[in-house]
Amino acid sequence: MAPLEPWEKVFIARDEFLATAHGQMACTYCHGGQQSPEMETAHTGLVADPSAKGETCATCHGDQTAHFEKSLHVSLAGYWDRLDARSAPEHKKTLEKMFGNHCASCHTSCGDCHISQPGSVGGGFIAGHVVQKTPSMSRNCTACHGSRVGNEYLGKNEEIPGDVHFRQGRMNCVSCHGGSDMHNSEAACTQCHDTSQAVFQVTNRYSGAQSPACESCHETVGKQGDAVTQHVIHGNKLACQVCHSVSYMSCDGCHVAISQKTGKPFFKTERSYMSFFIGLNPQPNYHRPYQYVVLRHVPAAPTSYQYYGENLLPNFDALPTWTYATPHNIQRKTPQNASCNACHGNDKIFLTADKVKPEELQANQPVIVPEVPPAIGTP
Amino acid sequence: MVKWKYFVTFLLASSFLTACAAQEMTAATATAPTHESAAPAATLLPEPAPVVDHCLECHTDKDKLTALAKEEETGHNSESEGVG
């Protein structure tokens, strides 16, 4: 994706924009600033992204913005979920500073999906400021979710085919991840469900109802009459990806710092590599009762934030570094589903203790497979 | 006769003023803001585009933008290495 020229980033396609409902409003209604032929005057008080707080869009799009602030795109709650678990309350302020410098830019506003490219990839209007109901897969979704999800889905990893939903179905991201998911429109689950019950508590993205769920389209899988015997045999013991995903990217050792030369934040990831490992589901729950899931190594390290202070993650072992993953490279036929013993007894594809770094053994106890399922037909 | 003219004029004027007063009362009653709906309605109406929109005049002029637009010096993650 070629970067936009500076002028292109702020160029409005007059005819197309004026033909839309947004084109009927004064620019200053959303952006503030002043009507003036002088640039400096016009830009005084300008709000470049009026959707950053969602309030401007909420004026007309109340349904879409009602629960939006709690969506992960806005709250970035996943980061703090992990940071809080591995850190300690006395480090909160230091980590907030780190977060502001290195993580907060992943915050996504309405405009980051519907008007512009995300700021983290340089920003700029997607279609001359014409609001796009459906975000662009390449210029919005994979602009941020590119190095793992995007490359997997589009088949950009060497010798690894793209996801069958893309290759054969030509499905884009929103085919599965619809507006209600992105806008968190279903957040009002508390209106019907008693969230004091563990079954209805959503503590991370792998608890709570699956959305999207493979079964939403593949309705007969594992059910009576399913022609694929393996689906029936394995039932809910395996996450779909265990049989239908192939190698995906894992990363090690991300460290962040502020450049002494430029004063800008940067990161360095020690290593990235393709891997495929089946491990134990660390948090089986009502919606994901699987015993086995696939695991991706995340780049967290005990020293990831040492630029900001020593030992900021004293409880690093509280969470696995090999984490429950949902790779986006689904295939009907995979090496591990070629036969029973392509998986059973094949210790190369199970995350056993010998494949985990000694210093991460404790953290990964919940996901390490103690004993590989034996080969079938062997004594 | 003159007295009669004054009387008719007075009558017409009174009728006219009474009618106006009644209309004003009706209008005032009809548009009296209710506690629930009036305030939000006023803020919900988007401001219409002005006849000459200076913002649009500039941001649709490629040559002008080419001359004025500068690359933002975000430099974000410029020294970063590896997969983000």
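The values are calculated or read from the model by the stated rules, or taken from the named source; none is laboratory data. Note that the structure is predicted; figures quoted are calculated from it, not measured. With ideal geometry, Cβ positions are generated from the backbone for all residues, glycine too; neighbour counts draw on all protein chains shown. Ligands, DNA and RNA are stripped out before the accessible areas are found, and what is left, the full protein with its side chains, is counted by its heavy atoms. Shrake-Rupley method; radii C 1.70, N 1.55, O 1.52, S 1.80 Å.
Given the structure, is A:Tyr286 more than 18 Å from A:Gly78 (Cα to Cα), aromatic (Phe, Trp, Tyr) and at pLDDT below 95? Here the answer is yes, as A:Tyr286 does meet what is asked. The stretch A:199-281 holds strands (runs of 3 or more DSSP E) entirely within its bounds, and those carrying 1 or more residues that are touching a residue at least 12 places away in the same chain (Cβ under 8 Å) and open to solvent by 80 Å² or more (accessible area, probe 1.4 Å) map to A:265-275.
When the residues of the stretch A:205-229 are narrowed to those that are modelled with pLDDT of 85 or more and among the hydrophobic types (A, V, I, L, M, F, W, C), which ends up nearest to A:Leu72 (Cα to Cα)? Selected residue: A:Ala213.
On the stretch given as the stretch A:33-82, residues that are among the hydrophobic types (A, V, I, L, M, F, W, C), away from chain B (no Cβ under 13 Å) and more than 21 Å from the chain's Cα centre (by Cα) total 1.
Considering the stretch A:307-348, the residues that are of a type in the set (Gly, Ala, Ser) and in contact (Cβ under 8 Å) with a residue 60 or more places away in the chain include one that is farthest from A:Ser247 (Cα to Cα), namely A:Gly309. Scanning the stretch A:192-199 turns up at least one residue that is over 15 Å from A:Arg332 (Cα atoms), touching a Cys at 6+ places or on another chain (Cβ under 9 Å) and not hydrophobic (A, V, I, L, M, F, W, C).
For A:Glu159, the conditions (1) farther than 16 Å from A:Ser51 by Cβ; (2) assigned to a helix (DSSP H, G or I); (3) modelled with pLDDT under 95 are fulfilled apart from (2).
Applying the set (1) open to solvent by less than 30 Å² (accessible area, probe 1.4 Å); (2) over 23 Å from the mean Cα position of the chain (by Cα); (3) farther than 13 Å from A:Phe276 by Cβ to A:Ile349 leaves exactly one unmet item: (3). If you go through the stretch A:137-182 and keep only what is surrounded by 17 or more Cβ atoms within 10 Å (Cβ to Cβ) and out of contact with any Cys (no Cβ under 9 Å at 6 or more places or on another chain), you end up with A:Arg139, A:Ala143, A:Gly146, A:Asn151, A:Glu152, A:Leu154, A:Asn157, A:Ile160, A:Gly162, A:Asp163, A:Phe166. Being open to solvent by 30 Å² or more (accessible area, probe 1.4 Å) and out of contact with any Cys (no Cβ under 6 Å at 6 or more places or on another chain) is a description that applies to A:Arg332.
Residues that are under 22 Å from A:Val367 (Cβ atoms), within 12 Å of another protein chain (Cβ to nearest Cβ), in contact with a Lys or Arg (Cβ under 7 Å, 6 or more places away or on another chain) and among the acidic types (Asp, Glu): does the stretch A:242-255 have at least one? Yes, because at least one residue in the stretch A:242-255 is under 22 Å from A:Val367 (Cβ atoms), within 12 Å of another protein chain (Cβ to nearest Cβ), in contact with a Lys or Arg (Cβ under 7 Å, 6 or more places away or on another chain) and among the acidic types (Asp, Glu). Could you check how many residues of the stretch A:258-279 are among the small types (Gly, Ala, Ser), over 30 Å from A:Pro335 (Cα atoms) and within 7 Å of another protein chain (Cβ to nearest Cβ)? Total meeting the criteria: 1.
Restricting A:Val367, A:Val372 to those that are within 29 Å of the chain's Cα centre (by Cα), part of a loop (DSSP other than H, G, I, E, B) and surrounded by 14 or more Cβ atoms within 10 Å (Cβ to Cβ) reduces the list to A:Val367.
Scanning the stretch A:353-360 finds no residues that are open to solvent by 20 Å² or more (accessible area, probe 1.4 Å), touching a residue at least 60 places away in the same chain (Cβ under 8 Å), under 30 Å from A:Pro302 (Cβ atoms) and in contact with a Pro (Cβ under 7 Å, 6 or more places away or on another chain).
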